[in-house]
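Student: Below is the structure I would like to discuss, written out as structure tokens.
Where a number appears in this text, it was derived from the coordinates with a stated rule and is not lab data. From a predicted model like this one, the values you see are computed outputs, not experimental measurements. Cβ atoms come from the backbone with ideal geometry, glycine included; neighbour counts cover every protein chain shown.
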Amino acid sequence: MVVWERAQPPTRPTPTPLSREGIVRAAIALADADGLDAVSLRKVAAALDAGPMRLYGYLATKAELLDLMVDEVYGEMIAPPRPPAGNWRDALRDTASRVREAALRHEWFADLLGGRPRLGPHALEHTEMLLAALRADPGFGDIDTVMSAVRTANAYVFGALRSEVTERRAERATGLDERQWQQANGPYLVRVLATGRYPVLSEFVHDGTNLAPGVAFADGLDQVLDGIAVRLAR
């Protein structure tokens, strides 16, 4: 039986009462502070001042714990509710914005995006809301067209967020933000570009616009949505 359908043990009057919700909150706090490597049943139990074996009454494996953590974050995306999206582009933009906000609050969440569909109640509700918004738009003739658009948008969003989170982690690991990193590596890059072997890259370095992360994310998403719109118009 999957964890979503498995009942919790009855509450016991112990010095440290447990619940599945409390276990998940403790695990998220550990992951927010130190990443997914800091999450184990033993460490979560220690954070709750409980014996590790007690946790097995609420979940069977670390994989189940990660599923519960991910679903808790999906719950953050659907509450508080926002005004309904006006059209399919608005719906995909709003969803992408929610996912990005969640990933920047919980960087570990970006590591768990993608793969097999998430089947927790919050994840299912999140998916249903998005699919329903696109399915109601007359531009989408059938459910396969809806799913194709969602997969395409998700592929961009998940990849862009992993890149953004990786950059944030690099800043913390090196102590250098993006501008400081550029200054430290600038002299080397100037020498390399001066060889003339990389003319287009040189044009980008000298003349390209360095967009802020949020702006770059929105710009890339708009390019993806433009491509979906062209396909729908065929």
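Student: Tell me the GluC sites (Glu not before Pro) within the stretch 106-167 that lie in a loop according to DSSP and have at most 11 other beta-carbon atoms within 10 Å.
Tutor: Taking the stretch 106-167 and a limit of 11 other Cβ atoms within 10 Å, no loop GluC sites (Glu not before Pro) are found.
Student: For the residue pair E5 and L124, what label-to-label distance in nm results when each label sits 7 Å from Cα along the Cα-to-beta-carbon direction?
Tutor: If labels sit at E5 and L124, their model points lie 1.0 nm apart.
Student: Tell me, rounded to the nearest percent, the portion of alpha carbon pairs in the stretch 105-153 spaced more than 15 Å apart.
Tutor: Pairs farther apart than 15 Å: 54 percent.
Student: Any chance you could give the angle, 0 to 90 degrees and rounded to 10, that helix 121-135 forms with the longest Cα principal axis of the chain?
Tutor: Helix 121-135 sits at roughly 40 degrees to that axis.
Student: At 0.36 nm per residue, and after removing the present C-alpha to C-alpha distance, how many nm does the segment from I143 to D32 gain when stretched out fully?
Tutor: Once the chain is fully extended between I143 and D32, it gains 36.3 nm.
Student: Let me ask something additional. Based on the Cβ-Cβ distance of K43 and D219, what FRET efficiency does E = 1/(1 + (r/R0)^6) give at R0 = 30 Å, to the nearest 0.05?
Tutor: E between K43 and D219, to the nearest 0.05, is 0.15.
Student: What is the magnitude of the charge dipole of the chain about its Cα centre, with +1 placed on the Cβ of each Lys and Arg, -1 on the Cβ of each Asp and Glu, and no other charges, expressed in debye to the nearest 20?
Tutor: In total the dipole reaches around 480 debye.
Student: Using the alpha-carbon atoms, what tilt in degrees (0 to 90, nearest 10) does helix 178-193 show relative to the longest principal axis of the chain?
Tutor: For helix 178-193, the angle is close to 40 degrees.
Student: How much length is gained if the chain between E167 and R231 is pulled fully straight, taking 0.36 nm per residue apart and subtracting their Cα-Cα distance, in nm to one decimal?
Tutor: Gain on extension, E167 to R231, equals 19.8 nm.
Student: Which one is right for this structure if P(r) over Cα pairs in 5 Å bins from 0, in percent is calculated from it: (i) 1, 7, 16, 21, 22, 17, 11, 4, 1, 0; (ii) 1, 6, 11, 13, 14, 13, 11, 10, 9, 6, 3, 2, 1, 0, 0; (iii) 1, 6, 14, 17, 18, 16, 12, 8, 4, 2, 1, 0, 0, 0?
Tutor: Here the calculated entry is (ii).
Student: Now a separate question. Once R0 is set to 25 Å, what does the formula 1/(1 + (r/R0)^6) return for the Cβ-Cβ distance between T174 and R105, expressed as a FRET efficiency to the nearest 0.05?
Tutor: Values: r = 23 Å, r/R0 = 0.90.
About 0.65, to the nearest 0.05.
Student: Another question, if that's okay. For the chain, what does the helix formula give at 222 nm: sum of -39500 (n - 2.57) over DSSP H segments with n ≥ 4, over the residue count, nearest 500 deg cm²/dmol?
Tutor: For the chain, the value works out to -22000 deg cm²/dmol.
Student: I've got another one for you. Return the single residue from D90, D222, D207 with maximal mean-square fluctuation; model: Gaussian network over the chain, springs between Cα atoms under 10 Å.
Tutor: Fluctuation is largest for D207.
Student: Pairs of Cα atoms under 8 Å, at least six residues apart: use those to get the relative contact order of the chain, whole percent.
Tutor: Over the chain, the number comes to 17 percent.
Student: Further question: Once fully extended, how much extra length lies between A60 and L211, figured as 0.36 nm per residue of separation less the alpha-carbon to alpha-carbon distance?
Tutor: Residue separation times 0.36 nm, minus the Cα-Cα distance, leaves 49.9 nm.
Student: Does anyone have the angle between helix 143-174 and the longest principal axis of the chain? Alpha-carbon axes, 0 to 90°, nearest 10?
Tutor: That helix lies at roughly 90 degrees to the long axis.
Student: Of the candidates E64, E72, E203, which one comes out as most mobile in a Gaussian network treatment of the chain with C-alpha springs shorter than 10 Å?
Tutor: Its mean-square fluctuation being the largest, the pick is E203.
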